[in-house]
Amino acid sequence: LDVEVARLEAATLARWRGRHNYNHRIKNAVVPWLLDRYETPVCLVDTDTFFISSPVELFDRIGPGRTMMHSPEPHGAGDRIARALDGATLRPALGGAWCFEEGGVNVWNSGVIGVDPSDRAILDEVLWLSDEVYDRVKIFNVEQFAFAQVFMKRSALSAADDVVTHYWGAYRPFFHVRARRAFARVEGRSVDEQIAATASLHAAPPGHPTLRRLGL
């Protein structure tokens, strides 16, 4: 495969974290950097993921005016940020205004981020909004909050959770054990058999044994 590995300097990562040393801000900064570097549609995929369908499907969903994130988060996921903003109106340098009200803010998961080079300009607004919000409230998911707000307002946003499973948070240790066992069973077999093993995996841990016995 024609794969290029780009090694990022510590100084670059420090600059991307910004004035508050906000680690997740790196995602806000690296997507426009990739577009500028390669001038081609970009799909950023977190490492705590696995594909259940062909990655080609992700790029079929990205195009001018068409962006992508992993999936919508549960209703109310952005309420803590909205409460912290307290109805604030944020005004970007290019004009317009952003107004936020508690209960009216949707958040999407950023385990997958897809964008076309023709929409490069909206990523400047993502970075601006991330900084404006993080100035007011130091919450870890400000990064994906900014992506979601801009993508929903400036483009047609679609989900990728039918192609990529994101097993973030408490599911990680469980899934790592499960994946090691699955691949041990198909070690030395064909690529197609290994792909089938991946597609059959589930990230969520099993339910409570009592509830399983009751069929719940």
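The values are calculated or read from the model by the stated rules, or taken from the named source; none is laboratory data. Predicted model, so just to flag it, every value in this text is computed and none were measured. Every residue, glycine as well, gets a Cβ built from its backbone with ideal geometry; the counts of neighbours run over all protein chains shown. Heavy atoms of the whole protein, side chains included, go into the accessibility calculation; ligands, DNA and RNA do not. Shrake-Rupley method; radii C 1.70, N 1.55, O 1.52, S 1.80 Å.
Every condition in (1) surrounded by fewer than 20 Cβ atoms within 10 Å (Cβ to Cβ); (2) at pLDDT 80 or above holds for E101 except the one numbered (2).
For region 48-70, state whether one or more residues are assigned to a loop (DSSP other than H, G, I, E, B), open to solvent by less than 60 Å² (accessible area, probe 1.4 Å) and polar (S, T, N, Q). Scanning region 48-70 turns up at least one residue that is assigned to a loop (DSSP other than H, G, I, E, B), open to solvent by less than 60 Å² (accessible area, probe 1.4 Å) and polar (S, T, N, Q). Residues in region 20-30 that are farther than 13 Å from I113 by Cβ and in contact with a Phe, Trp or Tyr (Cβ under 9 Å, 6 or more places away or on another chain) were compared, and the one that is surrounded by the most Cβ atoms within 10 Å (Cβ to Cβ) is R25. So, in region 1-19, of the ones that are of a type outside the set (A, V, I, L, M, F, W, C), part of a loop (DSSP other than H, G, I, E, B) and open to solvent by 40 Å² or more (accessible area, probe 1.4 Å), which residue ends up farthest from V142 (Cα to Cα)? Only one residue fits best here, namely D2.
Residues in region 124-167 that are β-branched (V, I, T) and touching a residue at least 60 places away in the same chain (Cβ under 8 Å): V126, V142, V163, V164, T165.
Checking the condition open to solvent by less than 60 Å² (accessible area, probe 1.4 Å), at pLDDT below 85 and out of contact with any Lys or Arg (no Cβ under 8 Å at 6 or more places or on another chain), which residue from A197, A170, A179 passes?
A179
Would region 62-71 turn up any residue that is under 15 Å from A159 (Cβ atoms), in contact (Cβ under 8 Å) with a residue 12 or more places away in the chain and touching a Pro at 6+ places or on another chain (Cβ under 8 Å)? Walk me through it before giving the result.
Taking region 62-71 and keeping what is under 15 Å from A159 (Cβ atoms), we get 62, 66-71.
Subsequent filtering for residues that are in contact (Cβ under 8 Å) with a residue 12 or more places away in the chain retains 62, 66-71.
Retained after the next criterion (residues that are touching a Pro at 6+ places or on another chain (Cβ under 8 Å)): 62.
Taking every residue of region 62-71 in turn, at least one turns out to be under 15 Å from A159 (Cβ atoms), in contact (Cβ under 8 Å) with a residue 12 or more places away in the chain and touching a Pro at 6+ places or on another chain (Cβ under 8 Å).
Go through region 31-45 and give me each residue that's among the aliphatic types (A, V, I, L, M), open to solvent by less than 30 Å² (accessible area, probe 1.4 Å) and either without any contact (Cβ under 8 Å) to a residue 24 or more places away in the chain or within 14 Å of A121 (Cβ to Cβ) (or both). Passing the criteria: V31, L35.
On the given criteria, is V105 assigned to a loop (DSSP other than H, G, I, E, B) and either over 14 Å from V150 (Cα atoms) or touching a residue at least 24 places away in the same chain (Cβ under 8 Å) (or both)?
Details: assigned to a loop (DSSP other than H, G, I, E, B): yes; either over 14 Å from V150 (Cα atoms) or touching a residue at least 24 places away in the same chain (Cβ under 8 Å) (or both): yes.
Yes; evaluated as a whole, the condition is true for this residue.
For region 144-167, a residue qualifies if it is closer than 22 Å to R80 by Cβ and open to solvent by 50 Å² or more (accessible area, probe 1.4 Å), and the qualifying residues are M152, K153. Checked against the criterion of being open to solvent by less than 70 Å² (accessible area, probe 1.4 Å) and either touching a residue at least 12 places away in the same chain (Cβ under 8 Å) or not in a loop (DSSP other than H, G, I, E, B) (or both), the candidates A121, A82 yield just one match: A82.
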